[in-house]
1. If you scan region A:100-139, which residues turn out to be within 13 Å of chain B (Cβ to nearest Cβ) and in a loop (DSSP other than H, G, I, E, B)?
2. Which of (1) within 14 Å of chain B (Cβ to nearest Cβ); (2) under 23 Å from residue A:112 (Cα atoms) is the odd one out, the single condition residue A:32 does not satisfy?
3. Tell me which residues, restricted to region A:200-227, are within 14 Å of chain B (Cβ to nearest Cβ) and not hydroxyl-bearing (Ser, Thr, Tyr).
4. Identify the residue in region A:64-120 that is touching a residue at least 40 places away in the same chain (Cβ under 8 Å) and among the polar types (S, T, N, Q) and, among all such residues, is nearest to residue A:295 (Cα to Cα).
5. I'd like the residue in region B:432-491 that is within 14 Å of chain A (Cβ to nearest Cβ) and of a type in the set (Lys, Arg) and, out of all such residues, is surrounded by the fewest Cβ atoms within 10 Å (Cβ to Cβ).
6. Tell me the residue from A:184, A:237 that is away from every other protein chain (no Cβ under 11 Å), touching a helix residue (DSSP H, G or I) at 6+ places or on another chain (Cβ under 6 Å) and modelled with pLDDT under 90, please.
7. Restricting attention to region B:20-50, report how many residues are under 22 Å from the mean Cα position of the chain (by Cα) and either surrounded by fewer than 17 Cβ atoms within 10 Å (Cβ to Cβ) or more than 9 Å from chain A (Cβ to nearest Cβ) (or both).
Amino acid sequence: MSNARRTRNRIAQTISFWLFRFATYAILAAATYIFLDIGIKGSRTLFTARAPFINVPFFTQGPQTLFVFDYEGKKYTLSDREFRAWKIEHPVEVEATSVAYSAGGVWPCIVGTGLLVIGSMIFALAVGICSAIYLNEYSQNTRSIRLIRIAILNLAGVPSIVFGLFGFGLFVIFLHWNVSLLAGWFTLGLMILPAIITASEESLRAVPNGLREGSLALGATKWQTIRKNVLPYAVPGILTSSILGIGRVAGETAPIMFTAAYALRDEMPWQVQRWTDFVFQGVMALPYHIYVVSSKIPQNEYTERMQYGAACILLLLVFAIALASIVLRERTRKRLSW
Amino acid sequence: MAEVVAASPLAAPRPVRRWRADDFIKAFFGSNALIAIVVLALITIFLFREGFGFFGQNLRNIRLYRRAGLEYVDIMRDTANAHAALSRGLNLTRKSAQTTESAETLARFDQFATAFSDSAEDLNGLVSDAGEKAVALRDALALQAGDVDRGGENEGRAGAPPVDEATTISALRANTATFAAITSTMAEKIRGLLKTPPTFENAKTKRTFDSWSKRVENYLAILPGTTKKLQSWDPDSPVPAYRAVTSFLFGRDWITASFWQDWYGIIPLLVGSIMVSIVALAIAVPFGVASAIYVSEIAFPAEKQLIKPYVEFIAAIPSVVLGFFGIAVVGETIRHLSQSRFFHWVGFFPISERLNVFTAGSLLALMAVPTIFTLAEDALRNVPRGFKEASYALGANRLQTIGRVLVPASLSGIVSAVLLGLGRVIGETMVVLLCAGNRIAIPDFTQGLGAFFQPVHTMTGIIAQEMGEVVRGSIHYRALFMVGLVLFAITLAINYGAQKLVQRYRMSIG
């Protein structure tokens, strides 16, 4: 090979490697920009300059209407409750502009999202682990099992809005559960199910066969083997990889839009008359709240506070979950290396 | 002894399988494993259950459209609309001629334009008169039939006043003669106007005007044909049943809650979804595949340790947060950029809408990148070591090995990664709902690439937006379920294709 050609090849290689590098870091930069923008503008809402440094009302109140008005040369921006108190003190007519949702906080949304996540993960983990145990421990590679696997893969690709429509058709209308926690749990649970099954199966597969064979050779039944020799080693892995599913459930909006979420609700979930009403009530949810505040009200200086605050909280929440999953995964990998 | 004899038929050897505890446990787990199939079946069943009534209702809707004479009026309305379009063409010419022509020419031109748009006054009056009659008849007929959508259900059939359908329709059809008379006077007026066309100094304006005159002549030529169409129109000619399906699958209008006629055509939504996906993939595929190559072949181990978890973080961003970011930041940024001098040479800039196909597509690209990156990186890593070593042994450098060996060997894996990315993009709801602009119209493709900077509505977006507001059981409600069904079918097909590709790929290398 001639020297010139070799040089040319090397130059081509260097240039294209830099292009690949640029593409990679461009993605990271774009994502970083989003994190910083939402993080910085959101932290103005979440934190305060004075002790206790955390904007307590934002975390403890429900969303309220914001009132903006001028009075004696001073500009006031008051939440609904404060405005009423102010009017009692100052019995004068003021012309106030009202901006919906822009005052108060997101406490009911956090509670609602928490309830939705807990319920749907319990359902998805119970069904998902049982399903994975069958697929990995009992089944042979028959035609019906292949069909099940294809179904799981395809279920994973169904758009979340279709799950929403399905949940609306089955739970809300057909079973008459109306817009309720229960409908949200099942809709979200079914949506996350394929991911849980896949993760659980992977953990089960990682348990060496010697453990099963040893147990069976000692006369244990299949179930005893699974319970004593397989599950204890697989469950930590299953749980850690399922954490990522929690993040997805917490951030999804489309499936709960018609099944579980209300735009505004004054009562907290535990303020129900009978305990049976608990599961049949709709809740406010953080992702749906972000949708409402970013699409139903205009973008201006007054609304920005709530919009960025809510987006930042959800982002932090999901990242905390993702970080926990990554850290735990590394630790399990180190501890359980066969 | 008697007992034994009595028991003997039961004790006879029969292959009774005894169920032990373990079998029950196995059956329990097995039934759980079936849930994926059950859920897929349930999704299909419930989408069909809620959506399938759409076709019947849509057929009734279209039949009523013909029976009440709305179709008849629409034929006339098309003529009036074509005239209005020609008037708009004149206005555009006026705008572009503003700087190049003298004030005198412009004044004469304005006179001409006004005379032209006035020539359709009678026609417009006729259309709106006939339209009112047709709508009144339609509402009366709907009330008689107890149609849910037109609010006739509560009053019931008994309360509905009897409709003299034949008289009303024949009164409506008497308009054919009026239409013929009006259009012929209008044609004469326009011909008279064209005999003394305004003159222009500027050659370009003149050319524009000449092409406009040609359009007018075409318009005048088809007028008699329209009259014939009106004459041959028959309210009793049956609407074939397949029209209910074709008007949904190939319909170019999605018009709901209008006082005139509702149309449920999926094409504008489908086009919107596809255009957004094209933009998203056009950005995400190069970046996703390039970064997969970079991480699996070029990056240092420390870089890998950093980039892979970071991409996982990107995958974890909730779509609604991305959508909010699009509204708050990206849309405005794109509009600002389009107004800057740097992009002055782009024909369709500056753009008017900050929320458009490109805004949504660029954000969806960020959602598709993690999917494409992860799967493509997997595919590249699974290429057997020997392939790479053989390539190096033959004297290829790293770039040649990547381009000629690794990428071709993992191509089907990469393609299936792209397909799964497409599935994710086309089914994504919140970003397009917030950032695509939500205008239900097929973009104007005459602008070329500019069409990608116009607002659209998508299949996922329309479900999310309208589902909360529709009346349960109405035709609109069922139409939304049908859109969901189409979406479901598309994503299933994409997924299935991706899986088939992966299987083949495993066989060829494994």
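The values are calculated or read from the model by the stated rules, or taken from the named source; none is laboratory data. The structure presented is a predicted model; accordingly, all values stated were derived computationally and were not measured. Every residue, glycine as well, gets a Cβ built from its backbone with ideal geometry; the counts of neighbours run over all protein chains shown.
1. The one that is within 13 Å of chain B (Cβ to nearest Cβ) and in a loop (DSSP other than H, G, I, E, B): A:139.
2. (2)
3. Here is the first cut: in region A:200-227, the residues within 14 Å of chain B (Cβ to nearest Cβ) are A:200-202, A:204, A:215-216, A:219-227.
Result: A:201, A:202, A:204, A:216, A:219, A:220, A:222, A:223, A:224, A:226, A:227.
4. To start, the set of residues in region A:64-120 that are touching a residue at least 40 places away in the same chain (Cβ under 8 Å) comprises A:64, A:66, A:68, A:77, A:99-113, A:115-117, A:119-120.
Within this subset, residues satisfying the condition of being among the polar types (S, T, N, Q) are A:64, A:77, A:102, A:113, A:120.
Working: A:64: 17, A:77: 22, A:102: 13, A:113: 20, A:120: 27 Å.
So, considering only residues that are touching a residue at least 40 places away in the same chain (Cβ under 8 Å) and among the polar types (S, T, N, Q), the one nearest to residue A:295 (Cα to Cα) is A:102.
5. That would be B:472.
6. On the way: A:184 fails: modelled with pLDDT under 90.
Exactly one of A:184, A:237 is away from every other protein chain (no Cβ under 11 Å), touching a helix residue (DSSP H, G or I) at 6+ places or on another chain (Cβ under 6 Å) and modelled with pLDDT under 90, namely A:237.
7. 2
Residue-by-condition table, conditions (1) under 30 Å from residue A:13 (Cα atoms); (2) within 9 Å of chain A (Cβ to nearest Cβ); (3) of a type in the set (A, V, I, L, M):
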position: B:286; (1), (2), (3): yes, yes, no
position: B:302; (1), (2), (3): yes, no, yes
position: B:305; (1), (2), (3): yes, no, no
position: B:309; (1), (2), (3): yes, yes, no
position: B:322; (1), (2), (3): no, yes, yes
position: B:331; (1), (2), (3): no, no, no
position: B:342; (1), (2), (3): no, no, no
position: B:355; (1), (2), (3): no, no, yes
